[in-house]
Amino acid sequence: MIAGFGMKKLISCVILFWILLFIGYSVCNSYRYKIKTPMPDIEYKKSIIRDSHNLTYTLEALRPVMGPEELSEFIKANDKNPQIYIPNNINRVKGVYRANLHTHTTNSDGIATVEERMNEAQAYAQKHIKDGYMVLAITDHNTVLGAQEVIRVLERNKNKYTNIKVIPGIEIFTQYQNSKHSFYPMEIHVLTWGINPFDRFLKHEFYKKDKKDKWNRTTPDRDFDRTITIMSKYGLVGVAHPARYTEEMGKYKYPYITEMFLRYKNLNQNIKFAEIYYQAYEKSYTAKKLGNEYHKYINYINSEAVRLGIIRTGSTDAHGLSIFK
Ligand SMILES: [Zn+2]
Ligand SMILES: [Zn+2]
């Protein structure tokens, strides 16, 4: 009798143990899921509406917003397709050109407004892209104001932007420190796409205090590692124009880029990407000065991205009037 009771107790304990283990595993897994994968787009858009505290904002008006989920699929599908990022005449006329994932507006040091950028993309796509849309990211320097403006423009112009997908983003200046290959910290620019520009933390971190301060250099010591770690919880984080840092790197540039990519890869919890198909390289001062050596370097960066599973993306990093330059 007593032995039977003990056995029952033991069985209950074992069952309870497994139930608790299962609950613990599920909780941990859901936590991990939240951090490691991009937020579902519908939840992303709902969070923008909620945090904007504007009762007139609707999901329907945010239809042209491309969220982290859809964008992940888009860049994965185009990793080997640089032509969609190259706005030369042929690609434009044929409608092959269909993504500019890094542009600036009057909210930082760009000349065009957010609305002008979106209008140009819409007019181009309407005329040339017959089977899809043009993807445009607004990524102003160190501020969420450009991304906020995207949402406001969409709200003001419901049903106008039928041929584009637009990404609220940001480009952040960071200091890459403690490298084995350099005594000096390097300024590396970090892109984040699919941010909620009304999020309390982001608004606090990336809000221009002075309108004249186009670069918002209020926190010049923003660390690369810390930025990647934190921002990967707020959107898709990638390395902007990796070949831009050549000149400062000098002869250490090859191991430096590998070190930087590896550090980025280990700290970023989401999909990995870098701007390998960057359109401003060819025209840059560094490219002209270094000639063939520069092309060799770009090829090296490209092969390192492929080796490390970093998706290759592209842009014009537009600052002028047009998204094509
Ligand atoms: Zn930059
Ligand atoms: Zn830029």
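The values are calculated or read from the model by the stated rules, or taken from the named source; none is laboratory data. Just so you know, these numbers come straight off a predicted model, no measurement behind them. In this analysis, Cβ positions are derived from the backbone assuming ideal geometry, glycine residues included, and neighbour counts consider all displayed protein chains.
List of remarks:
Residue by residue, here is whether (1) touching a strand residue (DSSP E or B) at 6+ places or on another chain (Cβ under 8 Å); (2) surrounded by 23 or more Cβ atoms within 10 Å (Cβ to Cβ) holds:
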residue	(1), (2)
Asp79	yes, no
Gly95	no, no
Thr103	yes, yes
Asp109	yes, no
Thr113	no, no
Asn157	no, no
Gly169	yes, yes
Phe173	yes, no
Gln177	yes, no
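- Residues that are over 23 Å from Leu62 (Cβ atoms) and at pLDDT 85 or above, drawn from region 206-228: Arg222, Asp223, Phe224, Asp225, Arg226, Thr227, Ile228
- Matching helices (runs of 4 or more DSSP H) fully within region 240-325 where at least 2 residues are within 26 Å of Glu73 (Cβ to Cβ): 253-267, 292-307
- A single member of Ala274, Ala243 is within 16 Å of ligand 2 (Cβ to nearest atom), touching a Gly at 6+ places or on another chain (Cβ under 7 Å) and not polar (S, T, N, Q), and it is Ala274.
- Reported count of residues in region 91-137, each being in contact (Cβ under 8 Å) with a residue 24 or more places away in the chain and within 16 Å of ligand 2 (Cβ to nearest atom), is 17.
- Every pair of residues 6+ apart whose Cβ atoms lie under 6 Å, when the first sits in region 151-174 and is closer than 14 Å to Val190 by Cα and within 16 Å of ligand 1 (Cβ to nearest atom) while the second is of a type in the set (D, E, K, R) and part of a loop (DSSP other than H, G, I, E, B): Thr174/Arg222
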